[in-house]
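As structure tokens, the structure follows; a few thoughts come after it.
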Amino acid sequence: MKRSVFILSGTAILALVLSCASPEERMKKTVLKLANAIEKKSLLGIEKHISANYQDEYGFGKREVLSVFKYAFDTYKEITVSVKNVTSEFNEDITESTVSFETTTLLRLPGDRGWEKVEAHIELSVEKRETGWLIMSARGDEIDPVPAKTSDLP
């Protein structure tokens with residue numbers, strides 16, 4: 001009985017803490033979840049963050065974006081993503097946001113050919129839906145990968 005009360009109390013406290021998180025903190029958490037899904041090579045983890053209405057400046061929809069991720073997952077043995085400087089701007093009723101952040105992505109080449117490093121500035125347009133924040137479009141710097149230095153490696 002005591003154990004059930006303890007677990008229930010802990011759950012209630014956790015729910016209270018999470019509900020008090022600012023929109024900016026929740027947005028940062030969403031970006032970090034997306035980075036984690038990329039590292040795990042989880043198409044499902046990425047898919048649940050992308051709107052069915054996704055459309056970017058290159059004409060890509062959700063299906064094309066997922067195809068790009070699948071290609072990367074099939075091509076690279078390992079992917080690590082570091083995210084920093086996450087900033088969010090929200091509309092008045094906090095249902096839409098523009099999220100900007102910087103990433104450093106390390107891509108392990110097949111056949112023990114080393115690693116590539118890609119640094120980019122990413123900007124996402126997102127909307128709040130029943131299931132959480134969904135990406136409506138994305139844009140970023142187009143930076144070619146460079147060989148990673150030993151000091152960059154995980």
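Computed from the coordinates by the stated procedures, all read-outs in this text should not be read as laboratory data. Every value quoted in this text rests on a predicted model; they were computed, and no experiment measured them. Here the Cβ positions follow ideal geometry from the backbone for every residue, glycine too, while neighbour counts run over all protein chains shown.
Applied to the stretch 60-72, the Karplus parametrisation 6.51 cos²θ - 1.76 cosθ + 1.60 on θ = phi - 60° returns per-residue 3J(HN,Hα) values of 6, x, 4, 4, 5, 4, 5, 5, 5, 5, 4, 4, 4 Hz, with x for Gly and Pro. In this structure, the amide hydrogen of W115, modeled 1.01 Å from its nitrogen in the peptide plane, lies closer than 5 angstrom to those of L109, A148, counting only residues at least 5 positions away or on a different chain. Taking the number of Cβ atoms within 10 Å of each Cβ as an exposure proxy, the fewest-first ranking of W115, W133 is W115, W133. Extension gain, E130 to Y71, is 18.3 nm, computed as 0.36 nm per intervening residue step minus the present C-alpha separation. Across the stretch 117-122, computed HN-Hα scalar couplings (Karplus, 6.51 cos²θ - 1.76 cosθ + 1.60, θ = phi - 60°) run 10, 10, 10, 8, 9, 10 Hz from first to last residue, x flagging Gly and Pro. Each other residue within a Cβ distance under 10 Å of K117 adds +1 if Lys or Arg and -1 if Asp or Glu, for a net charge of -2.
A straight Cα-to-Cα reach below 29 Å connects K77 with the lysines K28, K29, K33, K40, K41, K48, K62, K117, K149, residues fewer than 8 places away in its own chain not being considered.
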